[in-house]
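Below is one structure, written out as structure tokens, with a few remarks after it.
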Amino acid sequence: MSRIGNKKVKLPAGVNVEVSAEVVKITGPKGTLEAPLFPGITIEVADGSVSVKRDTDVKQQRAYHGLVRSLIANCITGTSEGFSKNLQLQGVGYRAQKKGNSLVMTLGFSHEINMAIPQDVNVECPEPTKVIVSGIDKQRVGQVSAVIRSYRPPEPYKGKGIRYSDEIVRRKAGKAGKK
């Protein structure tokens, strides 16, 4: 029994849901997103909420039940509020700035790193050591944030690198802690 799939998703004001044979189209004030609809899963829109039902208790349909409900909930949240991830650059001389349609980062290498910013994601640099990635698609925001972080992940000895603002980096003692 899927506990996530059985929960109803409330529709905020200004968000419309259109159900077709293979796709659920969600339109809101920030944009339009689509979620896939798998065989054996049905969507009902009534009383300002969306409910997801499955036909049988086959293992695959139980998995799809919770998945489709989560995808629809993420699309509704994205089109009404949006998603964002905050990244921090820690290290001497580490900084980032937005130049046109690219993010230019100085991360202690012998060269600067230029990353092209995708069209469906917004990247802002309010400070040289802060990067904010925002957009309506939760997966794209997370993926772009992970790519930025992968250029210099935080290392455990000095804590230098790019980290999420809520990330806790476990520190190691190094050679001096051995004695």
One computes Rg over Rh for the stretch 1-115 from alpha-carbon atoms, with the Kirkwood Rh, and obtains 1.20
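Charges at C-beta only: +1 for Lys and Arg, -1 for Asp and Glu. How large is the resulting dipole of the chain about its Cα centre, in Debye rounded to 20? Walk me through the intermediate numbers first.
Details: 29 positive and 16 negative charges, 278 e Å.
The calculated dipole for the chain is roughly 1340 debye.
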Please report the relative contact order for the stretch 39-154, taking Cα pairs under 8 Å with a sequence separation of at least 6, and give it as a percent rounded to a whole number.
22 percent
Out of Gly28, Gln90, Asn122, whose Cα points farthest toward the positive end of the dipole of the chain (charges: +1 Lys, Arg; -1 Asp, Glu; placed on Cβ)?
Gln90
Distance between modelled label sites at Lys99 and Lys25, nm, 7 Å Cα→Cβ extension:
4.1 nm
Over the stretch 1-52 - Rg/Rh using Cα atoms and the Kirkwood inverse-distance radius:
0.96
When only Cα pairs under 8 Å and 6 or more residues apart are kept, what is the percent relative contact order across the stretch 4-63?
31 percent
Most mobile of Val19, Val141, Val131 in a GNM of the chain (Cα contacts under 10 Å):
Val19
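Plugging the Kirkwood radius over Cα pairs into Stokes-Einstein for the stretch 106-163, at a temperature of 37 °C and a viscosity of 0.692 mPa s, what D comes out in µm²/s? All intermediate terms of the calculation are to be shown ahead of the outcome.
Working: Rh = 12.5 Å.
Estimated diffusion coefficient is 263 µm²/s.
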Find which of Ser102, His65, Tyr157 sits farthest along the positive direction of the dipole of the chain, computed with +1 on the beta-carbon of Lys and Arg, -1 on that of Asp and Glu, about the Cα centre.
Tyr157
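At a 1.4 Å probe radius, which order do Cys75, Cys125 fall into by accessible area, largest first? Can you show the working numbers first?
Values: Cys75 15, Cys125 40 Å².
Greatest to least solvent exposure: Cys125, Cys75.
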Does anyone have the angle between helix 59-80 and the longest principal axis of the chain? Alpha-carbon axes, 0 to 90°, nearest 10?
70 degrees
Within straight cross-link reach of Lys138, meaning Cα distance under 13 Å, which aspartates and glutamates are found once same-chain residues fewer than 8 apart are removed?
Glu34, Glu81, Asp120
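Over the stretch 114-172, calculate the relative contact order: mean separation of alpha carbon pairs under 8 Å at least 6 apart, over the residue count, as a percent.
Reported as a whole number, the value is 19 percent.
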Which of the pairs Lys99/Lys130; Lys7/Lys53; Lys30/Lys53; Lys85/Lys130; Lys30/Lys130; Lys25/Lys130 have their Cα atoms more than 22 Å apart in this structure?
Lys30/Lys53; Lys30/Lys130; Lys25/Lys130
For Lys160, distant residues with modelled amide H under 5 Å away
Glu155
Working from Cα positions, state the angle (0 to 90°, nearest 10) between the long axis of helix 138-150 and the longest principal axis of the chain.
20 degrees
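The values are calculated or read from the model by the stated rules, or taken from the named source; none is laboratory data. Note that the coordinates shown come from a computational prediction; the quantities given were computed from them, not determined experimentally. Every residue, glycine among them, receives a Cβ derived from its backbone with ideal geometry; neighbour counts consider all protein chains shown. Surface accessibility is based on the protein's heavy atoms, side chains included, excluding ligands, DNA and RNA. Shrake-Rupley method; radii C 1.70, N 1.55, O 1.52, S 1.80 Å.
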